[in-house]
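What follows is calculated from the coordinates using simple rules that are stated; it is not laboratory data. Computed from a prediction, not measured in an experiment: that's the story for all the values here. For neighbour counting, all protein chains shown are included, and Cβ atoms are generated from backbone atoms with ideal geometry for every residue, glycine included.
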Amino acid sequence: MSYTFNPTTHELIKMPGDNEKPVRKPNATPPGTKTIQRYNKGGEVKDMNNVVAETQKNAEFDKKYPPLVKTKALIDEGLVDQKDLQVTFDPTTQLFTNKERSIAFRDYNSASKFNESIGVVRQPIKPPKPFNQFDKRTYPSNQRSEIGLWDHLVEDAKKNPNDPNSKDTRKMIMRDYNNKTMRKYLSDKELKLIGKHKSQLPKQEIKIPTISIAPIQSLTPTTDPVTEELGRRVRENELANQREKLRLANSGIGIFDNRKKFI
């Protein structure tokens, strides 16, 4: 016979061994599960809202009336398997549950505190790996749990910004934002969480540069006395030549010269 532990009543429960059957597809069950319970009419369908409420109720009761023997002590004595109680994020229910879904939490904080109370070492949460078609580990189908957990943490950080876990989430997002290679993989939710979404950034005004042009001054040629004198003399010589030509044309010498052209 196999046993399980009910953390709500702190009792060991005997499991019916007659219904245990070997697993035909090991990869279709959680790691370490070698047998399953078979029922003629199917397994019990649990209302996870009731499980969450019951878990919360038991946690408050244990806080008010601490049990004489803590669960951690039963685990240390080997009476209870830690893996049967440890809660992990379930992307199907969007809750933190154990294998049998008899323990359930809605938020990461409560789930982490419960795991720590039974001796589970808290592991740092990392964002899902960016998709790479050459690496199957980055396919969304192979990161379903990691993606679901990360989305849950981002949403929780939005609702509880002052929580220490929320601060850690923002730090991880900011680290990727400061990395130019990783920045393009950040979603709108992640960018809004750290205030770096395009809708949150101040609009940059395009400043048209102004060019100052100095007024154009009229260029007046500088007067050179020598050049002016030469120009004056040239103009006087031209006038003198023109007068001489007119005088000769009207004098007798001019007429005589004109006749010689026709001889």
How would you rank Leu193, Leu248, Leu239, going from fewest to most other Cβ atoms within 10 Å of each one's own Cβ?
Leu239, Leu248, Leu193
Give the residue list of chymotrypsin sites (Phe, Trp or Tyr not before Pro) in the stretch 121-170 that are DSSP loop and have at most 12 other beta-carbon atoms within 10 angstrom.
Phe131, Phe134
If R0 = 35 Å, then Asn250 and Thr227, at their Cβ-Cβ distance, give a FRET efficiency to the nearest 0.05 of 0.50
Sort 179-185, 55-61 for me by packing, meaning the mean count of neighbouring Cβ atoms within 10 Å per residue, highest on top.
55-61, 179-185
GluC sites (Glu not before Pro), restricted to the stretch 115-210: which are DSSP loop and have at most 16 other Cβ atoms within 10 Å?
Glu205
For a label point 7 Å from the Cα of Glu54 along Cα→C-beta, name the residues of the stretch 64-88 whose backbone N is under 19 Å from it.
71, 81, 84-88
If r is the Cβ-Cβ distance from Lys46 to Gln82 and R0 is 25 Å, what FRET efficiency results, to the nearest 0.05?
0.70
Go through the stretch 107-149 and name the trypsin sites (Lys or Arg not before Pro) that are in a DSSP coil and have 11 or fewer other Cβ atoms within 10 Å of their Cβ.
Arg122
